[in-house]
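S.K.: Here it is, the structure, as structure tokens.
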Amino acid sequence: MNDTRIGPRTAQETCPAGLDLPDSALAGVGTRPFGVYVHVPFCATRCGYCDFNTYTAGELGSAASAQSWLDGLRRELDAGARLLARDGRTVPAAETVFVGGGTPSLLGADGLARVLDAVRDSFGLAAGAEVTTESNPESTSPQFFAGIREAGYTRVSLGMQSAAPHVLAVLDRTHTPGRPVAAAEEARAAGFEHVNLDLIYGTPGERDADLDASLDAVLAAGVDHVSAYALIVEDGTALARRVRRGELPAPDDDVLAARYERIDARLAEAGMTWYEVSNWAKADDPSARCTHNLGYWDGGDWWGAGPGAHSHVGGVRWWNVKHPARYSATLADGKLPVAGSEQLTAEDRHTELVMLTVRLRTGLPLSALDEGERAAARTVVADGLAVERDEHLVLTDRGRLLADAVVRTILLGGED
């Protein structure tokens, strides 16, 4: 591999230093869904449950800044577009863009506009591209939403987690309980048709009444998409340390299952339907679903830019160095900031297909299963965890609660 420095993009240049994609991975680029994920590593404070690759200003000091990160981001996106255009190929235009983190809204509307400009200038945007940014309700305003809408963003995802102050306190969330609903209303007023609110359920101390209040708030906000995730106590987090010391109980599986059923029932009553186990969208509007995330679940390609971001192209996965200072310095030196990579085997790709598509409302294609796995799928159906529909295995309501067990049953069936 040549140590090619990052400069102006041309289709004939060789692979930038730091990553080598085989021709077999590049061969189908442009025929599969293609998106760009941008990781913003900055947060105002660190939430106790979060293990994402994020940093507060105090943790970074003078080692990195929003500007050095943005300079690195532009370099990485330019290099990525050049790599995928190797040997005269056409650069794939981004069909979806997702800016996550971290707290992208800390960049402000102007900063997020520059992020999207960087994607436009490198890969370009496909006609009708879905462009999403995550936002913390406390760092948004009517002017913020108007600014990012004008810049070209089409979808906003707001972190709500809960409407109960004592639940937010356990999670170390800093926003006031009513702010997410107000932010969602401001986003809709700015012209956003697609607004998501994130919920976390099963936090120690959360009661049924607290969850109901959160769902009341979500439905009052008039959003067309809801994501709801069971609290996971991740190793190395402040929450994990509190649970280990006995200050807080660990989440209870039975409680989590009951809360999930409660969420699903309330959202269904409001005209929303699940399309992935943890995601619901307006039943009568397919455009309410997050196309970018569907690209992940359906095995598409994406370039993940930013510290710690993961990418996938044609069965090759790689991930970037985590610290923003090292990320920017590596790119300034003319190299991609790749920390590691792996070539997925046929078995790896099959396992991921089963793991991901079984969680979708469209289901797992039965044609992808071998004889042993098909027999295991029939067992899953007999147990009431799934049904066969249009040559796909689709989870039942009970099956959604046991999706991981369904996956294990199918994959182990293929080993007999």
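The values are calculated or read from the model by the stated rules, or taken from the named source; none is laboratory data. What you see is a predicted model; the values in this text were computed from it and never measured. Backbone-built Cβ (ideal geometry, glycine too); neighbour counts: all protein chains shown. The accessibility values were calculated without ligands, DNA or RNA, using every heavy atom of the protein model including side chains. Shrake-Rupley method; radii C 1.70, N 1.55, O 1.52, S 1.80 Å.
S.K.: Go through the residues of the stretch 41-55 one by one and say whether even a single one is modelled with pLDDT of 90 or more and not in a loop (DSSP other than H, G, I, E, B).
M.R.: yes
S.K.: Follow-up question, since we're still on this one. Would you mind stating whether SER68 is at pLDDT 90 or above, open to solvent by less than 10 Å² (accessible area, probe 1.4 Å) and of a type in the set (Ser, Thr, Tyr)?
M.R.: Taking the combined requirement at face value, the residue does not satisfy it.
S.K.: Take the stretch 144-188 and flag every residue that is assigned to a loop (DSSP other than H, G, I, E, B), polar (S, T, N, Q) and either open to solvent by 10 Å² or more (accessible area, probe 1.4 Å) or at positive phi (or both).
M.R.: THR154, THR174, THR176
S.K.: Let me ask something additional. For GLY30, only one of the following conditions fails: (1) at pLDDT below 95; (2) in a helix (DSSP H, G or I). What is its number?
M.R.: Going through the list (1) at pLDDT below 95; (2) in a helix (DSSP H, G or I), GLY30 breaks only (2).
S.K.: In the list ARG173, ARG155, ARG149, ARG188, which residue meets the criterion of being at pLDDT 95 or above and touching a Cys at 6+ places or on another chain (Cβ under 9 Å)?
M.R.: Among ARG173, ARG155, ARG149, ARG188, only ARG155 is at pLDDT 95 or above and touching a Cys at 6+ places or on another chain (Cβ under 9 Å).
S.K.: Spot the failing condition for ARG114; the list is (1) more than 30 Å from GLN161 (Cα to Cα); (2) touching a Leu at 6+ places or on another chain (Cβ under 8 Å); (3) of a type in the set (D, E, K, R); (4) surrounded by fewer than 22 Cβ atoms within 10 Å (Cβ to Cβ), and only one is missed.
M.R.: (1)
S.K.: Can you tell me which residue is modelled with the lowest pLDDT among those in the stretch 82-99 that are open to solvent by 10 Å² or more (accessible area, probe 1.4 Å) and of a type in the set (A, V, I, L, M, F, W, C)?
M.R.: VAL91
S.K.: While we're here: Return yes when ALA250 is more than 24 Å from PHE145 (Cβ to Cβ), in a loop (DSSP other than H, G, I, E, B) and of a type in the set (A, V, I, L, M) and no when it is not.
M.R.: Yes; evaluated as a whole, the condition is true for this residue.
S.K.: Going through SER227, SER214 one at a time, which residue ends up being surrounded by 18 or more Cβ atoms within 10 Å (Cβ to Cβ), in a strand (DSSP E or B) and either in contact with a His (Cβ under 6 Å, 6 or more places away or on another chain) or small (Gly, Ala, Ser) (or both)?
M.R.: After applying the criteria, what remains is SER227.
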